[in-house]
Amino acid sequence: MNGILDAAAAVLMLLGAGFVLVAAIGVARLPDIFIRMHAATKAGVVGVGLLLLGVALSFDEAGAWVRVLPAIVFLIVTTPIAAHALARAAYCAGAQLWPGTFADELSEVIPRRVQRLDAGRPQADEREPASADPARQKTASEVDPMTILPFDGRSTAERHMPATMRTRPDTGLRRLLVGLVSGDAGRIAIDQAVRLARETGAELVGLSMVDVPAARRVGAVPLGAMHYARRLSEHRLHEARDKAADVVSAFEVAAAAAGVRYEVRHEEGDPRTLLADASGSFDLVAMPAYGWESDGAEPNGPGLDPLLAAGVRPLLTGTPARREVRHVLLVHDLSQRAGQTVRWFGQTRLWPNATIHVAGIGDAKPTMDATLEEAAAYLGAHGYAAEAIGPMPQSSVAADPLADLPFRCDVAIIANAGSGGRLQRLQADPGRRLRDARCTLVLG
C-alpha cells in the first residue's frame, strides 16, 4: 500500500512541477501582462495544488491533510480575486496591450490612462503646462484605449461639433496626415505639416510608425547563435520605439506651439502598408523626401516611390516655404491621373492667393496647349489666378527643372509623380533627386 501511495505522490508532484514549469515559461515568453497573468494564475494554481496533494500523500498523515486542503482552498479562492485586481490596476494604469489584440470590451467601461512607448518618459501633460483654454485641455474620455499614443488637442465637445460650426479658412483641406520620422528630414516634414495645418485650419494627425520587419531583420545567423539574434532583434525594436517616442514628443511640442488641433497615432508593422491603409481618410499626406527611414543626415531611406506605388497620394514633401506662397508650378503630363490632381488641387484650395502656372510635359503640342488651357480654366473657376505657360523647357528638365522659370517657384506640384519618362526625371533624376529640391513639393 505504501508503494502505491508513494508512486501516486511522485506522479502528482511531477505533474505539479510540470504545470509550474509551464506557468514560468508563460510568464517569461507571453507578450503582455494580461496574457502572462493568465498563465501564472491557471497553471500556477493547478501546479501548486498538485504539488500539495503529492506532499500530503507522501506523508500519509491526518495532520498533513489538515494543512494541505485549506491551503488548496485558499489558493482557489484568493488567486482569481488577486489576478482580477492586478489586471484591473494594470489596465487602468495603461499597461500596453499585445499588438495582436483585436477587441477591448472594457474600453467603454473602465477609464484608461495613456501608456507611453517607454514607461520612463513623462506624460504629455507633465511636459507641457496645462492650457488655460478648456477647449485645449485633454480629458480621459478622449483616450482611445486601443492605441498606444492617443492624444487629441480638442475637447470631446469640439471633436463631435458639426463642421459648419467650426471656424475655418476658405479651404477644402480638412484632414492632414504626417508620417512621424526621425532625423532632420522628419523634423522638416513636421514643420511643414504644422504650418499648413495652422494656415488652413485642418485637423493634423501624426502617424508614429515602427518598422517591425526592418527591426527584426538581423541577417544571416550562425549555427548556435539564434538566442543572440533574438536578443539583437528585440534590442533594435526597443531602440526603434525609443526613437518613435522622441519624434512624437517633438511633434507634440510643435503642434501645441502652433495652436493646431492634433492627434497622435502609433502603429507597428510595414510602414508602406500602414501609410497606404491610413491615407484614404486624409486629404494630404506629408512625408520626408527620403521616406520613412530618414534617420540622420545621410540619405538611407527607400524614398517615396514605394508609397506612390502603394497609392499614397497626394504627398507633401520637399523644403517648407520660408515666405507666403505666391507662385505655384503645376506640371501636367496630359494623363488622366494628372487631371485628377488638378481637380484635387482646385477643390482643396490650397494657397488661394498664389498664382498657378500650369506647365506641360510631352510631345503632343496641340493637345498639350488645349489640356493646359483647360486645367488653367478649371483652377480659375475655383478662385485661383491661373495661367498656362506651355511646355517645360527641355534643357531644364535634363538639369534643374526650376532654374529657367521666369518666376521664383514656392511650390511645385508634380501632377503624376512616379509615371516615368520626362516627368519622372523631374523628381528622380540621378543628378538632382526630388529629395534635394529647394521648394515645397506635392506629388499627385
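The values are calculated or read from the model by the stated rules, or taken from the named source; none is laboratory data. These numbers come from a predicted model, not from an experiment. Cβ: placed from backbone, ideal geometry, glycine included. Neighbour counts: every protein chain shown. With ligands, DNA and RNA removed, areas are computed over all heavy atoms of the protein, side chains included. Shrake-Rupley method; radii C 1.70, N 1.55, O 1.52, S 1.80 Å.
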Inset, instruction - Can you run down the residue pairs with Cβ atoms below 8 Å, 6 or more apart or on separate chains, where the first is in segment 210-230 and within 28 Å of Arg272 (Cβ to Cβ) and in contact (Cβ under 8 Å) with a residue 24 or more places away in the chain and the partner is open to solvent by 50 Å² or more (accessible area, probe 1.4 Å) and in a loop (DSSP other than H, G, I, E, B)? - result: Asp211/Asp270; Asp211/Glu293; Val212/Asp270; Pro213/Asp270; Ala214/Glu293
Inset, instruction - Test each condition in (1) open to solvent by 50 Å² or more (accessible area, probe 1.4 Å); (2) at pLDDT 85 or above for Pro302 and report the one that comes out false. - result: (2)
Inset, instruction - Would you check if there is a residue in segment 210-220 being open to solvent by 70 Å² or more (accessible area, probe 1.4 Å), at pLDDT below 80 and over 26 Å from Gln96 (Cα atoms)? - result: yes
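Could you list all residues from segment 262-272 that are farther than 15 Å from Val212 by Cβ and open to solvent by 30 Å² or more (accessible area, probe 1.4 Å)?
Selection gives Glu263, Arg265.
Of these, Val11, Val45, which one is within 18 Å of Ala82 (Cα to Cα) and touching a residue at least 12 places away in the same chain (Cβ under 8 Å)?
Working: Val11 fails: within 18 Å of Ala82 (Cα to Cα).
Answer to the selection: Val45.
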Inset, instruction - Could you list all residues from segment 48-82 that are of a type in the set (A, V, I, L, M), open to solvent by 50 Å² or more (accessible area, probe 1.4 Å) and either in a loop (DSSP other than H, G, I, E, B) or more than 18 Å from Val20 (Cβ to Cβ) (or both)? - result: Ala62, Val66, Leu69, Val73, Val77, Ile81
Inset, instruction - Of the numbered conditions (1) touching a helix residue (DSSP H, G or I) at 6+ places or on another chain (Cβ under 8 Å); (2) part of a helix (DSSP H, G or I); (3) surrounded by fewer than 17 Cβ atoms within 10 Å (Cβ to Cβ), Leu275 fails exactly one; give the number of that condition. - result: (3)
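Which residue out of Ala244, Ala250, Ala286, Ala258 is over 30 Å from Gln340 (Cα atoms), aliphatic (A, V, I, L, M) and crowded, with 20+ Cβ neighbours inside 10 Å? Working first, answer last.
Working: Ala250 fails: crowded, with 20+ Cβ neighbours inside 10 Å; Ala286 fails: over 30 Å from Gln340 (Cα atoms); Ala258 fails: crowded, with 20+ Cβ neighbours inside 10 Å.
Exactly one residue qualifies, and that residue is Ala244.
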